[in-house]
Structure formats: C-alpha cells, structure tokens
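Asker: The structure is given below, and queries will be raised subsequently.
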C-alpha cells in the first residue's frame, strides 16, 4: 500500500486531535498549576506539559521508571500509549527502537490514533511497509531538548522532515501539540503529542 494513498484517505479531522486531562504520562515532580493541572517548567532536565500529572510518580510508568527502560519498553508501561505500542510491535520495531543510541520520539497518544477513521487505521495497521513509514516518521536521531525544539527542522528515520516551534511549556511538532514533553528513557527523549504525524513523501 502506498503511503501517500493511505494518507490521502485520512480526513483532516482525523488528525486534528484534542487531548483531555485524562491523558498523561506521569506526575511531574515540583509541577504546580491552578485548577489541579500540573505544568512543569521546560528545562533541560524536567518533563513539562499539562498531561504529565495524572499517573502516579512511582512505579514502572513514572518518570523514574521510564528513565530506567529503553524507549519501547518504557512506552509499554503507559496505558495512554497502548495503541502506539501495539503498532510498534506490528511493525517489528521494538528491537530497533530499544537498541537505538540516543533518539527523540514524538509519541502519539491513544486519542490521536482514535481520531483516525477506523477502516483507514485498520488498513495502515495491516500494511507493515506503510505502518513502518509512519512510525519511523515520529523518530529523529539525537536527544532533542526544548531549546532544540524552539525553531527546529529535523530529518526523521523515515527520511522526511518534521518542524518544531515553541517556547516555555508550549511546543508543536508539525501540526501536533506537545502535551507532555522532555520525558527521559534509557536511550531516548520522548515528547507525547496529540496528533499522529503523517509523512508527505
């Protein structure tokens, strides 16, 4: 299946994803915000974003737990990333991602995948070549910091480019919003995004 053919079938609304407060990775230490939503400052060391607060701060799914595991394993411990993890397994990319030495992963949440038309998503998941192209478009070499993302253009493992903009605790990757960023794993830095990124080549 041709990547462009599949992507052309995606309605615009399929990738215009809104996050809810229930989607999160882990509670950010030292993060505070009015109304109960924790927003940590975007520093070189600390995760940040509104979706970093709902998961307990201890255990495998916590920041400390994720930092101890390679990226695919770390993601598998977070229920909000279960669709992504399943896709990575179908594409046979678990060992590739876990074995990479210093990468950045833009990880779509379950809600991001859920906004894609079910028939289209099923076709993508059943086509390893197309699925691999989409997933590797979410990965760039090197551990990128928030400073790197302020005005960035990065070549992905798929070969296409992603552009990043932002400052403080607000960043975008192409048209996707970062909802929990700068999350360390053993071999990668993860930015959780609210939209599935789609390659154009």
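Since every read-out is calculated from the coordinates, none of them should be taken as a lab result. All of these numbers come straight from a predicted model, not from anything done at the bench. Don't worry about glycine lacking a Cβ; one is built from the backbone with ideal geometry, like all the others, and counts go over all protein chains shown.
Asker: Residue 60 versus residue 147, label points 7 Å from Cα toward the beta carbon: distance in nm?
Answerer: Rounded to a tenth, the inter-label distance reads 3.5 nm.
Asker: First measure r as the distance between the Cβ atoms of residue 172 and residue 114, then evaluate 1/(1 + (r/R0)^6) with R0 = 25 Å and state the FRET efficiency to the nearest 0.05.
Answerer: Approximately 0.80, to the nearest 0.05.
Asker: Follow-up. Would you mind calculating the gained length between residue 201 and residue 82 on full extension (0.36 nm times residue separation, minus the Cα-Cα distance), in nm to one decimal?
Answerer: Net length gain for the segment: 40.2 nm.
Asker: Report the Cα-based extents of the stretch 50-105 along its three principal axes, largest first, to the nearest Å.
Answerer: Extents along the principal axes, in whole Å: 30, 23, 19.
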